[in-house]
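Trainee: For reference, the structure I am asking about is given below.
The values are calculated or read from the model by the stated rules, or taken from the named source; none is laboratory data. Because the structure is predicted, anything quoted here is derived from the model rather than measured. A quick note on method: Cβ atoms are made from the backbone with ideal geometry, for glycine too, and the neighbour counts reach across all protein chains shown. Calculation scope for accessible area: heavy atoms of the full protein, side chains included, ligands and nucleic acids excluded. Shrake-Rupley method; radii C 1.70, N 1.55, O 1.52, S 1.80 Å.
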Amino acid sequence: MPAPGFDPDEPPAVPSGKFGTPGRPLRRSSFLIGFTGALGVLLAYTLYLGIRNAGGILVLVVIALFLAVGLNPAVVRLRTWGVPHGLAVAVVALTVVLLLCGGIVALVPPIVTQSGQFIDQIPSLLDELRRNPTVNDLVERYDVVERVQGAANADTIGRALGGVLGGVLGGAQLIFGTVFRTLTVLVLTIYFLAYFNRLRSLGYALLPRSRRERAELIGDEILAKVGAYMVGALSIAVLAGATTFVFALIVGLPYPFALAVVVAVTDLIPQIGATLGAVIVSLVGFAADLPTGIACAVFFLIYQQIENYLIYPKVMRRSVEVNEVAALLAALLGVALLGVVGALIAIPTVAALQLILREVVLPRQERN
């Protein structure tokens, strides 16, 4: 007589070696289904918390990946010249470090110099305020001296010193955080460059063999477009910075190299970067004198037209072909999600999505 719960249609269990015979599958009870679903929700929420907490590091990884993709063509070009892979990566990385150090050297001394000049001029500014009859009249009318003396007690001074100390500590934290993030991106970029081919092969190996060849063709095309876009954008930015440097020397702007670096960096930002750099340099020109400011505004107005209608289309024609509306929407969405980093990666991301849509999604829809 069969045992209770025995199913005659179930195939006999096959022993699995030293661990014995496996038992019958668990019954699909409502409790087990609910517990499994709750466990899946908990796992998804834990994954969400992990991604949210590691968002800053993930952004740095994305930046390093895009930099590696953009710099890899330079490594490939050096390899075609007979340079070993390790030495090619070292040359490219050293070039990036030198450019970064050059930008820091160009920007930091003017900031320190102008801050020191402002501090040195504080006594003379106070003397001028004291000699101004309008200021003295306001001081007497509103009893500014008595109010200041009344407010200058121990508690107020303690809170002020605490605020100053907090500001100093916050500034130091910002500086060290920026240095740490920059070094992290630099190290990750070098790592991705050194193991670029291995990482690329590993990514393709995760796909099914039946679709691997087509995925490699599309993936290599995406990498080529992203790299070409970044090389083209960097070339346009360097040209804008060099032109600004020459113009600043001609009109006599202070710190021409620093202004050229600012224009080159902001020009990397799609859509709004060139305008932002032009506004900064024009403000410096107006601070010098009115004719110089007007000359800066006219120069950038003419140069941006040349860049938008002659330089940019000629450089980018062979790299990416992105619809203008899609590029603008992608830049705005990228800024909203990731800030400046999102704006930088918006155009190559749209180019990649366009290629996938054209080669994969649309043909599949036509077949269906």
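Trainee: Given a 1.4 Å probe, how much area per residue of region 226-277 is accessible, in Å²?
Mentor: 42
Trainee: Separation between the residue 231 and residue 187 pseudo-spin-labels, each 7 Å from Cα along Cα→Cβ, expressed in nm?
Mentor: 3.0
Trainee: Whole-Hz ³J(HN,Hα) for each residue in region 351-368, computed from phi via Karplus 6.51 cos²θ - 1.76 cosθ + 1.60 with θ = phi - 60°, x for glycine and proline: what do you get?
Mentor: Values per residue, Gly and Pro as x: 4, 5, 5, 5, 5, 4, 4, 6, 9, 10, 6, 5, x, 5, 5, 5, 5, 7 Hz.
Trainee: What order do 243, 95, 266 take when sorted by accessible area (1.4 Å probe), most exposed first?
Mentor: From most exposed to least exposed: 95, 243, 266.
Trainee: With an 8 Å Cα cut-off and a minimum separation of 6 or more residues, compute the relative contact order for region 326-366 in percent.
Mentor: Relative contact order for region 326-366 comes out at 31 percent.
Trainee: Note down the nm distance, to one decimal, between modelled labels 7 Å out along Cα→Cβ at residue 76 and at residue 358.
Mentor: That separation, rounded to one decimal, is 1.8 nm.
Trainee: Would you please put 331-338, 285-292 in order of how densely packed they are, using the mean number of other Cβ atoms within 10 angstrom per residue and starting with the highest?
Mentor: Per-residue mean Cβ counts within 10 Å order the peptides as 331-338, 285-292.
Trainee: Report the extension gain between residue 306 and residue 272 in nm, rounded to one decimal, defined as 0.36 nm multiplied by the number of residues separating them, less their alpha carbon distance.
Mentor: Length difference between fully extended and current span is 10.7 nm.
Trainee: Suppose each label sits 7 Å from its Cα in the direction of the beta carbon; what would the residue 367-residue 333 distance come out to in nanometres?
Mentor: My value for the distance between the label points is 2.6 nm.
Trainee: Sorting check: for 207-213, 249-255, which peptide has the highest mean count of neighbouring beta carbons within 10 Å, and how do the rest follow?
Mentor: 249-255, 207-213
Trainee: Quote the FRET efficiency, to the nearest 0.05, computed for residue 41 versus residue 280 with a Förster distance R0 of 35 Å and r equal to the Cβ-Cβ distance.
Mentor: Efficiency for this residue pair is about 0.10.
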